[in-house]
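Report on the following structure.
The values are calculated or read from the model by the stated rules, or taken from the named source; none is laboratory data. Quick caveat, the model's predicted, so the values are computed rather than measured. Cβ: placed from backbone, ideal geometry, glycine included. Neighbour counts: every protein chain shown.
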Amino acid sequence: MARGPDAPIVANATPWGRGAVAVVRLSGASLRPLLLQFCRPKGGFPPARRARLTAFFDEDGLIDEGLLTFFPGPHSYTGEDVAELGCHGNPLIVERLLRAAQAAGARLAEPGEFTRRAVASGRLDLTRAEAVLQAIEASTPEGLAIAQAGLSGAVAALAEGLRAGLIDVCAELEARLDYPGEGLGFTEDAAVITRLGALAEEARQAAEGFKAGRAAVEGADVALIGPVNAGKSSLFNALGGSVRALVSPEPGTTRDVVERRVSLEGVMIRLLDTAGLRDDPGPIEAEGLALGQALAGDADLLLVVIPAHTPELAAEALTRSKGRPRLLIGNHADRPGAVTQLDGEALLMTNARTGEGLDALKAAIPRALRGELPAGARVMIASARQRDLLYAVSSSAAAARDALAMGLGPAVAAEELYEGLSSLDQLTGRDTREDALDRLFQRFCVGK
C-alpha cells in the first residue's frame with residue numbers, strides 16, 4: 001500500500017452511528033482507476049462535481065447503492081483528486097466501503113490528514129485550517145462567526161498586513177546598512193519608531209482577543225467552590241434554571257461533582273458544583289472533595305461562594321483560588337451582618353433563595369471569561385497557537401523600536417524584525433514546522 005504524500009487515503013467523513021446517509025471520503029493522485037475497482041457508476045464515470053448513482057461492491061458482492069461525486073485536482077478541497085461516496089448511514093455499510101477502498105489501494109487517513117494535504121498543496125493556509133476545526137467545534141453562534149471569519153481569510157489578512165509592515169521597515173533598515181551616507185532620503189528614525197510601535201500594538205491587540213474568542217468557540221468550565229452550606233448548590237440550580245443538585249441545611253449534602261451545560265450571553269459553559277470545603281469530611285465526602293478540587297484546578301473560572309454573614313468560613317476557598325481567575329460571591333446577602341467586601345475586594349452579592357443578584361452574576365460570568373477585548377482589535381482569534389505567535393510578533397516589533405530609540409543601530413533592529421517575520425511565517429504556514437503541524441492536525445477528526 002502506497003505511503004507517499006499523495007498516496008490515496010480514505011475515511012468516514014460523517015459521525016459514526018446510524019442515520020439516513022453517511023459519506024466516505026477519498027483523496028489522492030489519480031483516484032479514478034482506484035475507484036473503478038469497487039464503484040460501478042450508472043451511465044459511466046460522473047462528470048466533475050456531479051453526483052451519479054453508483055453501485056459499490058467488494059469481494060462478497062453488492063455493498064450498497066448510493067452516490068459518487070468526483071472532484072478532480074487541483075480544484076478540490078485537498079488539491080488532489082477527491083471522491084465522496086454517499087451511502088446509507090449504517091456502520092456495517094461504511095465499514096465494508098472502507099475495507100473495499102483499502103483493498104483497492106487506499107489507506108486509512110490520519111486525523112486531520114485531508115486538511116493537512118490542503119495546506120501542503122496551498123489550497124489553505126494554516127489560519128484557515130484552524131478555522132475549519134473551529135467551525136466544527138464552535139458551541140455558539142458567536143463562535144461560528146469567528147470561525148467563518150477565519151475561513152474567509154480575516155486572520156490571514158491580519159498576518160499579511162503585519163508582514164507587509166515589517167518588510168517595509170526591514171527594507172528601510174537594510175538600505176541604511178547597504179548604502180550609508182549616500183543621501184537616499186531615508187525616513188527619519190522618529191517616524192520608523194512610530195511605525196514599529198503601531199505594528200507592535202496591532203499584533204498585541206489581536207493576541208489579546210484570544211480569551212474572548214476561545215470562550216465563544218470552545219466554551220468554558222466554571223466551578224463553584226466554597227465552604228459547606230455557603231449556597232453553592234442553590235446558586236448552581238438558579239444559574240441553570242432547574243434543580244439538578246440537592247439542597248439541604250445538613251452540611252456535606254453535595255459529595256460528588258454535579259455538572260450541567262448553560263449558555264450565558266453566547267458563551268457555552270460547563271458549570272460544576274463541587275463538594276463544600278471543611279476540616280472533617282468522611283471517607284466518601286473526602287473522595288468527592290478530591291475530585292472537585294482536581295476539576296476546579298482545570299476550570300477557566302472559579303465562583304468562590306462565600307457566606308456573607310460568616311465570611312471567615314471561606315478562608316480555605318480564598319486561599320485555594322488566589323491567583324486564579326475568579327469571582328467572589330457573597331451569598332445569603334439578606335442575613336444580618338452580611339459583608340459586601342473581603343480583603344479589599346468587592347463581593348458580588350446574591351441570594352439564591354430570592355434571586356437577588358442573579359442577573360448581575362449571569363452577566364459577570366461571561367464578562368470574566370471573555371476579558372476586555374481591546375478597542376482597536378480588528379480580528380478575534382480562538383487559537384492559542386495564533387495568540388502566542390502574535391505576541392511574539394508584537395515583542396519583536398517592540399524590540400526593534402526600542403533598539404532604534406536607544407541608538408543601537410539598524411542592524412540590531414533588523415535582526416529583531418526578522419524574528420517577527422519568522423513568527424508570521426509560522427502563523428500562516430509559510431514555515432511548516434512538522435512538530436507544530438502534527439500537534440495542530442491531531443485535534444481534527446479523521447474524515448477532515
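Per the listing 296, 245, 290, 286, the residue uniquely modelled with pLDDT of 70 or more and either over 29 Å from residue 312 (Cα atoms) or outside the structural domain of residue 388 (by TED's automatic domain parsing) (or both) is 296.
Taking segment 119-131, which residues are assigned to a helix (DSSP H, G or I) and within 13 Å of residue 430 (Cβ to Cβ)? Walk me through it before giving the result.
Kept after step one, since they are assigned to a helix (DSSP H, G or I), are these residues of segment 119-131: 119-120, 126-131.
Matches in segment 119-131: 119, 120, 126, 127.
Of all residue pairs spaced 6 or more apart or on separate chains, those with beta-carbon atoms under 9 Å, a first member in segment 321-349 that is free of Cβ contacts under 8 Å to residues at least 60 places away in the same chain and a second member that is of a type in the set (D, E, K, R) and part of a strand (DSSP E or B) are 328/345; 333/356; 334/356; 349/356. Checked against (1) among the acidic types (Asp, Glu); (2) at pLDDT below 75; (3) touching a helix residue (DSSP H, G or I) at 6+ places or on another chain (Cβ under 9 Å), residue 250 meets all criteria but (3). Just to be sure, is residue 199 of a type outside the set (Val, Ile, Thr), assigned to a helix (DSSP H, G or I) and assigned by TED's automatic domain parsing to the domain that holds residue 423? Yes, satisfied. For segment 90-105, residues that are among the charged types (D, E, K, R) and under 31 Å from the mean Cα position of the chain (by Cα) total 1. Of all residues in segment 74-111, those that are over 15 Å from residue 59 (Cβ atoms), of a type in the set (D, E, K, R), crowded, with 16+ Cβ neighbours inside 10 Å and out of contact with any Gly (no Cβ under 6 Å at 6 or more places or on another chain) total 2.
Anything in segment 19-46 that is touching a residue at least 60 places away in the same chain (Cβ under 8 Å) and either β-branched (Val, Ile, Thr) or exposed (fewer than 11 other Cβ atoms within 10 Å of the Cβ) (or both)? List them, or say none.
Residues satisfying the conditions are 20, 21, 23, 24.
Candidates are the residues of segment 350-362 that are more than 13 Å from residue 328 (Cα to Cα) and in contact (Cβ under 8 Å) with a residue 60 or more places away in the chain; the one that is farthest from the chain's Cα centre (by Cα) is 353.
Considering only residues that are touching a residue at least 60 places away in the same chain (Cβ under 8 Å) and in a helix (DSSP H, G or I), which ones fall in segment 294-320? Walk me through it before giving the result.
Initially, segment 294-320 is screened for residues touching a residue at least 60 places away in the same chain (Cβ under 8 Å), giving 295-296, 298-307, 313-314, 316-317, 320.
If the condition is that a residue be touching a residue at least 60 places away in the same chain (Cβ under 8 Å) and in a helix (DSSP H, G or I), then 295, 296, 298, 313, 314, 316, 317, 320 are the ones that fit.
Only residues that are among the polar types (S, T, N, Q) and part of a helix (DSSP H, G or I) were counted across segment 132-178, and they come to 2.
Summed over segment 351-373, the residues that are among the β-branched types (Val, Ile, Thr) and either assigned to a helix (DSSP H, G or I) or within 16 Å of residue 227 (Cα to Cα) (or both) give a count of 1. Looking at segment 326-350, which of the residues that are among the charged types (D, E, K, R) and in a strand (DSSP E or B) is surrounded by the most Cβ atoms within 10 Å (Cβ to Cβ)? My answer is 326. For residue 326, state whether it is within 16 Å of residue 227 (Cα to Cα), in contact with a strand residue (DSSP E or B) (Cβ under 7 Å, 6 or more places away or on another chain) and at pLDDT below 85. So residue 326 fails the test.
Could we say that residue 31 is outside the structural domain of residue 136 (by TED's automatic domain parsing) and within 24 Å of residue 110 (Cβ to Cβ) here? It would help to see each step written out before you state the result.
Working: outside the structural domain of residue 136 (by TED's automatic domain parsing): yes; within 24 Å of residue 110 (Cβ to Cβ): yes.
Yes; evaluated as a whole, the condition is true for this residue.
For segment 377-398, enumerate the residues that are assigned to a loop (DSSP other than H, G, I, E, B) and hydrophobic (A, V, I, L, M, F, W, C). Working first, answer last.
Going through segment 377-398, the residues assigned to a loop (DSSP other than H, G, I, E, B) turn out to be 377-383.
377, 379, 380, 381, 382 - these are the residues of segment 377-398 that are assigned to a loop (DSSP other than H, G, I, E, B) and hydrophobic (A, V, I, L, M, F, W, C).
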